[in-house]
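First the structure, in the form of structure tokens, and then the observations on it.
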Amino acid sequence: MLPYLGPALFSIAALLGLFHRKASYLMLAASSIVFAATQFVYGDYLSYYSIIAGIVWVFAGIYSLSYGERYGKWLASLMSLTVLGMSIILVSNNYLALIAGWEIMSVPSYAIVALNKSQKGPAFTFMTFSEFSTVLIIAGAIFSFVVSGNSTFGFIHLATFVPLLLISFGALIKMGMSPFMISEWLPIAHGNAPANASAVFSATMTLMGVFLITRMIFLTAASPALVYIGILFLIIGSISILFASIYAYISENMKMLGGFSTIENQAAILAAFGLYLVTGSAILQEFVLVTIIIFALSHAVSKTGLFLSIGSTKGEYFGEARAPEDRWMRVGTLLSTMSLSGLFPAIGGLAVWMLLESFFMQAYLGGYIGIVSIIVGSIIAISEGMATGAMMKILSFSALFRARKGPASKVETVTVFSVGAAILILFIISVLFVPAIFRGGIPSVLVFNGFTIESRFSTADFGLLSPDYVIALITALSLAAFAVFRRPKTRTADVWNSGRSVSSEYTSFAYANNIRLMLRRVLRTRMGNDNQPVSVIDVFWFAMNSFGRGYRRMCMIATRKFMNSSIAWYMIYMIIAFMIVIILAVAFY
Amino acid sequence: MRYYRFGNPEGRFIGNTEKYAAYENVISEHRHEIGAESYQNLPGEFTFAYGPATGGLIESVAFDLHTPGELIKHVGVDPYVKTRPLKIRGLAPQDALLMVERINGFHAASNALAFEMAVEDALDIDVPDRVWYSRLIMLELERIRSNLEVVKRVCEPAGFGVPQNQISYLRENVARIISRLAGHRYFFSASSIGGCQISKSGIETMISSVKREFGEIFNALLESKIFLNRLQNNGNINEGDLLGPAARAAGRNVDARLEEMHMPYADLGFKPFIFDEPDAFGRFYVRSQEILASTDMISEALEHSGNSSATDTAGASGEGAARVESPQGDLFYYVRITDGRIEDIQMSSPSLLNIEAFRKSMAGNIFTDYHFNWESFGIWISELAVVIQ
């Protein structure tokens, strides 16, 4: 019964929200700790997702104590309900519970987006994709049920790859990557929710997708088909990561930037799944698995920090942001953005390093998979560079250099800083997250055993990193610099503009406009209308909308031209549709 | 006034003076409106203030570049940041000439000759033919040096150090030719009201050498795809009033030398070089071709040229106007002289319309195009920022 304690507490938190917001948020935070503690099993990779989710929910709950005051009681209840759905997914031991959890997660999320703004679009967009995702997961579950001989909806081991494929694509929708490489629904939905909910969506709803793929990979027996699925994941992952990082870089809506950054991170994880499936090396598979967990951890925590800090700027667009006047808040934001940029000394730096190491290890093994790996690895490296640009944009224009400052709530400051501190601490203790076979040391140069994370096939190292020594070096050198130079003397002076009175601030739009212009063929950059200097098109979203509109037009034409008041045509249509369904059912059965 | 009359606007607009608007043959008392557009930044855009004193600019001029980043949406140009008052009114024409030729030292010959011609027009002074040939040589030599300077400055932002320095060397050679011809590197005091004093020995050989050497550099530049890419489609402008090389690059048969009554351009078979690319490349190409054409004209004019001393203007009165084709376009002067003193002087520099053309041509360009385009117009701020008193 212990595993279900967490979900039960989340249910109570949801009910509590109807009466008292703060109590509900507090309960949510406390329940998350209980949930994480009751789920953890050392060595069980699937249980790690509960820990990751738990960390996020704790921070989101505490942050909401202050931030949630700006919204009604509905937000407290709905957020707890969403979390309840996720917790059910994490504890589920059969497809039915999983699907139930998936829907419990999605419906309140839809309500949060719908109630937050008067616009219907974002909420409907969210719901459409959520249901599409559910349909694919149900299809996968049914397939599993069928191959079990119609005996169980439990998570049985599968000799076929079909459930993996169907459920993975269902999960990929939640991760913002299917049916097209980038589905703008995710930034739209996450960007239109309150910041605390955005953090939960971006950090943990996507984590559910990662969890689901991991679960399905564990259930699916090795077969040559998995290599092709792996290559498919690598292709989708590499295209998505590249475009998501570009769209993040040029986004003017801070939360949508966060949303694109989420897709970028999820794409990196998907690429890692792809590598896991294509590699023939068991040790590399193990390393990739650890990479996925650390990447998911880093993304979840850092993205929480990012969204919470965005929430504290009291705006959605860069132009509206008021940088909170608090250095601890800025430190927290800095660490979150550093982590999402893949920089040391943040856990995200380790995650990106491990991911790139994984691809280059596979490249070392040669063959066509090696070539694919080097290409995908290079694309990831380029995208991480672009992601760094996007994160520096958000750090600069929402936290550091805004001329207009705003007040900072103590609770929000403490939470954002704590997330930053967690990112740093996770990096320091990250050696503990990797199995002993990937730990090592070089005592001859005073790097003691157990202090390095080593990417290796056997005893010989491929690459290594010592997070503790990185931290120690940064600390020692900073202290040495401080001891020698002391606190730098700074003064603030008005900008000298050749004696002219023109005073205009560099804008976030200008920061990213070089990419809009350089990639004009890809982004379909156009001189904008009266309110927008330069406009771009998300080609994936545009293609999907065009497809949808085209389909609707075709249906309208068919309805009006052929079936309008014509029972004969209608019957023909019904018969053909029925026959197609029967043929497909027989074929797949 | 023999060539100009006051009246309603008619023909090609040349520019505004302090009081008047100058056209091909008409001076209008109503200044021509040149739209001073104001621009409000859109969300995300900002104003990048460039100049008036900064690297890359050789004169004081302030630019407001309205941009959403990289892309330039609108440019505001203020050439009047540093104005120079010149007290000319009340001076005798020969004294005023000393001030006029210092309005823009680099185009001293153009300014001096336009002023002298206006005074000669006002006072009905006849100038010997040989002097007109000498004045033509001065103008064309100045054109060569000015165009060399522009081509050199176009090479500079491209990082083309070798041709840039080769052209600097050529420009220095031309300055030495000018010094040898006029006794001053900037033609100061070489010409006078009704006269001119030049020394032409050895000039022909030296000018042939300049032509040959520049021809080689020019052909080499045309073979550089990198260089051409920076110029082509940069600063396209073929609308509104254009003057000088900017107009000719845009396919307009516009040149004050075509309408010149005294200087023997027609006798030398002068035909302006017209091109069909209204961009920085077109302007670079036209200027380069004009360097080569000017060397030919100088060689031909040398044998007919000669000197004559200045005419005394004491006590004379009259009103006159004149226009010459300076290296950057039509340069106009109007004078009214009473009892041998300058009572009124009006001047219109081609910089006025060229700045407007540059401003319009920058919309849609990116920052890195800016210098190429600006230099290709060969604009001199000093001619605009002078306040004649």
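The values are calculated or read from the model by the stated rules, or taken from the named source; none is laboratory data. Keep in mind the model is a prediction, meaning the values are calculated, not measured. When we count neighbours, we look across all protein chains shown, and the Cβ atoms used for this are built from the backbone with ideal geometry, even at glycine.
Taking B:G15 and the conditions (1) under 21 Å from the mean Cα position of the chain (by Cα); (2) at negative phi; (3) of a type outside the set (S, T, Y), which numbered condition does it fall short on, given that it satisfies the others?
All conditions are met except number (2).
Mind counting the residues in segment B:16-25 that are in contact with a Gly (Cβ under 9 Å, 6 or more places away or on another chain) and either within 13 Å of chain A (Cβ to nearest Cβ) or crowded, with 20+ Cβ neighbours inside 10 Å (or both)?
3
Would you mind stating whether A:S312 is touching a strand residue (DSSP E or B) at 6+ places or on another chain (Cβ under 9 Å), polar (S, T, N, Q) and more than 14 Å from chain B (Cβ to nearest Cβ)?
Yes, satisfied.
All but one of (1) assigned to a helix (DSSP H, G or I); (2) within 30 Å of A:D461 (Cβ to Cβ) hold for A:G342, so report the exception by its number.
(1)
Can you spot a residue in segment A:25-40 that is of a type outside the set (A, V, I, L, M) and surrounded by fewer than 23 Cβ atoms within 10 Å (Cβ to Cβ)?
Yes, segment A:25-40 has at least one match.
Any chance you could count how many residues in segment B:279-320 are assigned to a loop (DSSP other than H, G, I, E, B) and either aromatic (F, W, Y) or over 28 Å from B:L97 (Cβ atoms) (or both)?
1
Would you confirm whether or not segment A:371-394 contains a residue that is in a helix (DSSP H, G or I) and either at pLDDT below 90 or closer than 14 Å to A:S312 by Cβ (or both)?
Checked against the condition, which is being in a helix (DSSP H, G or I) and either at pLDDT below 90 or closer than 14 Å to A:S312 by Cβ (or both), segment A:371-394 yields at least one hit.
Which one is modelled with the highest pLDDT, of the residues in segment B:34-71 that are closer than 14 Å to A:Q532 by Cα and more than 8 Å from chain A (Cβ to nearest Cβ)?
B:H66
At least 1 residues that are within 16 Å of A:R500 (Cα to Cα) and without any contact (Cβ under 8 Å) to a residue 40 or more places away in the chain in each: list the strands (runs of 3 or more DSSP E) lying fully within segment B:58-111 that qualify.
B:62-67, B:74-78
Would you please name the residue that is surrounded by the most Cβ atoms within 10 Å (Cβ to Cβ), looking only at residues in segment A:1-24 that are aliphatic (A, V, I, L, M) and under 27 Å from the mean Cα position of the chain (by Cα)?
The qualifying residue surrounded by the most Cβ atoms within 10 Å (Cβ to Cβ) is A:A13.
Among what's in segment B:121-146 and is acidic (D, E) and either surrounded by fewer than 24 Cβ atoms within 10 Å (Cβ to Cβ) or at pLDDT below 95 (or both), pick the residue that is farthest from B:R185 (Cα to Cα).
Ranking the candidates gives B:D124 first.
Need at least 2 residues that are over 21 Å from A:F233 (Cβ atoms) per element, so show me which helices (runs of 4 or more DSSP H) inside segment A:82-179 make the cut, counting only ones lying wholly within it.
Correct list: A:95-116, A:121-147.
So is B:S209 out of contact with any helix residue (DSSP H, G or I) (no Cβ under 6 Å at 6 or more places or on another chain), in contact (Cβ under 8 Å) with a residue 60 or more places away in the chain and more than 30 Å from B:L71 (Cα to Cα) or not?
no
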